[in-house]
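Read the structure below first, then the notes.
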Amino acid sequence: MTRVAPSEFELLTLARAIAGLGQYAPVEDLLRGRHLVPPRFSPGALHVLRDTLAKGSMLALARCGGWRTQRDVRDGQARSGRLWERHPPPALHFSPLTLHVLRWLLEQPLVIHGAMPLDVEGTPTPADELFLFLCCRLVAGTPCAPALGAQPVFRRAALCWLGFPEQFGSAPPALDATAFAPLLADGAWLLEGLQLELARRWRALEESKPGLASPADSLALGTAQEAVLSTFLDAVDAAGRRDLAGFLLAAARPLLAQPASRWVEGLPASASLSSRADAARAAAAFLRALGRLARWDAEHRAVRFFDDGYESAQHLLSEWSAFGEAGFRRAEDHARALSTALTSASGAAPVPPPSTGSAP
Amino acid sequence: MSRAYRVSVSESLNRVVQAEDGLCSRLELLPLLSREELAGLLAAELATRGFTREGDVAQRTEADGVRIAIDVTTGDVSVTLSGEQEVALEAHGSLRVESRQEMEQAQLRAQDLARAKLEDAAGVATDELRQQLTRKLEGRLRDLKGELDAISNKVTAEALKVRAGQLGTVEEVHEDAATGSLTIKVRV
């Protein structure tokens, strides 16, 4: 049995909650309070931390969607199976950044305004990005979330923006397509593993919009979503990995049956029409992004059997067929209704007629 | 034993508060013709509906003050309603001090307090006026949308006729006012 000091135990408990997809409540006191962390850890504690991160992150990836049997076509080669069957085992390297973040999470009371900033230099490795993503996941929707979103190390993490754009306040991301390059390297195993989790996150984000009562909040969320999706879609397109945008369709599919007005029904009638119109336009950011996937879908249909990329195009057509042209059309109708200020701001957005063809 | 003094100051303010609300939208016009040709058709249609043109912008101010401005080259629509209201506001500021020597300072502070309250009240009055304008404008939007849709349809139909004329000889034009459908037979 490995013995650790009480302060080390707290850090290990937090690491376990983050990497093990734990709940916020059991570690709430650790995050809200100020805790002393020793400058150096005992070898036993470091061993347990390494073990927790290594096993926990793999378990998290499996639970976040890696368990699903998927088929993908990369470099003209079709692969089928679970995440670990489609990819060789990745060499996970957690840099000192991960330990700095863990230490900061314990030392700073995250709910008190003016917590000491997390000052860490260096570029996060994909393993660090996964850890930062899981940190955001743990605190999502809690009073601790804004404190994480304010830290430069989280604001620089492309994966955190992709999963939790709502946590970063009103300032849009300073990301470009190259920010996603490390995540797209080595077969993009990390993004593939998180597809299910990303779909859940984006669906939850869209479902939260009717609850937004402030036009400014709606505008901030929409602006962040638009910026991160635009950058992400540029990156996956340039890398020839359009399949990685598939989580957006999985997120959108159950949402399109509701009327467009649902996206903005929380906006108060006392707010000015101009602010409501801006908020409604912003609320359609996710739906507008689907327009790009619709164009890709049309391009895939035009790829002939003797063209390069035929296999890949056919694979994506098959993957996206459940959403279908009808789904894309409906998403476009909703986006147009929300962006047409004369209807959206007055809450009189028309319900588009039911789509024909395959139901989304 | 010291006595407490109460300093009370009353301030009043007469101000004209102004507020505005509005929306921007765009006419959905199909690019059937060149931008200039389409702008000409749109301007002609707007003229028949009482819009006056200043440069690229055609505008109309309605009896209730709603101003509609349409850029004929881009189809950008702006609908605004502004208003002003004269308000007479009064506010009091009061403070307690322990000695007579502090009274002069306290009077100044109470005056500042009263003025701050007046500014807050003016803000509230502006917001109430803005909400009135918003409700009024909201009531007009449905009609306005109908009119803008009708303008779009009319201009698109005219553009189709012109385009058909450019493609060949128009032999027959059939318009159904009830459904809005337009059939043009062209000999190319």
Discussion item. Run the simple label-point estimate for A:W67 and A:S170 please: 7 Å along Cα→C-beta, distance reported in nm.
Written reply: 4.2 nm
Discussion item. With the crude spin-label approximation of a point 7 Å out along Cα→Cβ, what separation in nm comes out for A:E121 versus B:D149?
Written reply: 6.2 nm
Worksheet entry | Among B:T73, A:M116, B:T179 - extreme Cα towards positive end, dipole of the protein assembly as shown, charges at beta-carbon | A:M116
Fill in: Those lysines that a straight Cα-Cα span of less than 30 Å connects to A:K209, excepting residues fewer than 8 apart in one chain
B:K136, B:K145
Worksheet entry | Cα pair distances in chain A, grouped into 20 Å bins until the bin that holds the longest one, percent each | 28, 54, 17, 0
Discussion item. In segment A:1-32, whose amide N lies under 14 Å from the spot 7 Å out along Cα-to-Cβ of A:H47? List them in ranges.
Written reply: A:1-5
Worksheet entry | Formal net charge of residues neighbouring A:G240 (Cβ-Cβ distance under 11 Å; K, R +1; D, E -1) | -1
Discussion item. Compute the distance from the alpha-carbon center of segment A:1-70 to that of segment B:78-152, in whole Å.
Written reply: 53 Å
Worksheet item: Quick one: putting +1 on the C-beta of Lys and Arg, -1 on the C-beta of Asp and Glu, what dipole do you get for segment A:198-289 around its Cα centre, in Debye to the nearest 20?
Response: 220 debye
Worksheet item: Given labels modelled 7 Å from the Cα in the Cβ direction, how far is it in nm from A:L317 to A:S95?
Response: 4.3 nm
Worksheet item: Per 10 Å bin, what is the whole-percent P(r) computed from every C-alpha pair distance within chain B?
Response: 8, 23, 19, 14, 11, 9, 7, 5, 3, 1, 0
Worksheet entry | Fewest-first sequence of A:F94, A:F286 by Cβ atoms within 10 Å of each Cβ | A:F94, A:F286
Item to complete: Rank A:P259, A:P143, A:P43 by mean-square fluctuation in a GNM of chain A with C-alpha springs under 10 angstrom and give only the top-ranked residue.
Response: A:P43
Worksheet item: For the pair B:V170 and B:D56, what calculated FRET efficiency results from E = 1/(1 + (r/R0)^6), where r is the Cβ-Cβ distance and R0 = 45 Å, to the nearest 0.05?
Response: 0.90
Worksheet item: Tell me, what is the FRET efficiency for B:A88 and A:V111 to the nearest 0.05, using R0 = 51 angstrom and their Cβ-Cβ distance as r?
Response: 0.65
Fill in: Distance between segment A:107-137 and segment A:225-272 - C-alpha centres, whole angstrom
26 Å
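We did not get these values from a lab; they are worked out from the coordinates using the rules stated. Just so it is clear, the model here is predicted, and its values are computed rather than measured. Ideal geometry is used to build each Cβ from the backbone, glycine not excepted, and the neighbour counts take in all protein chains shown.
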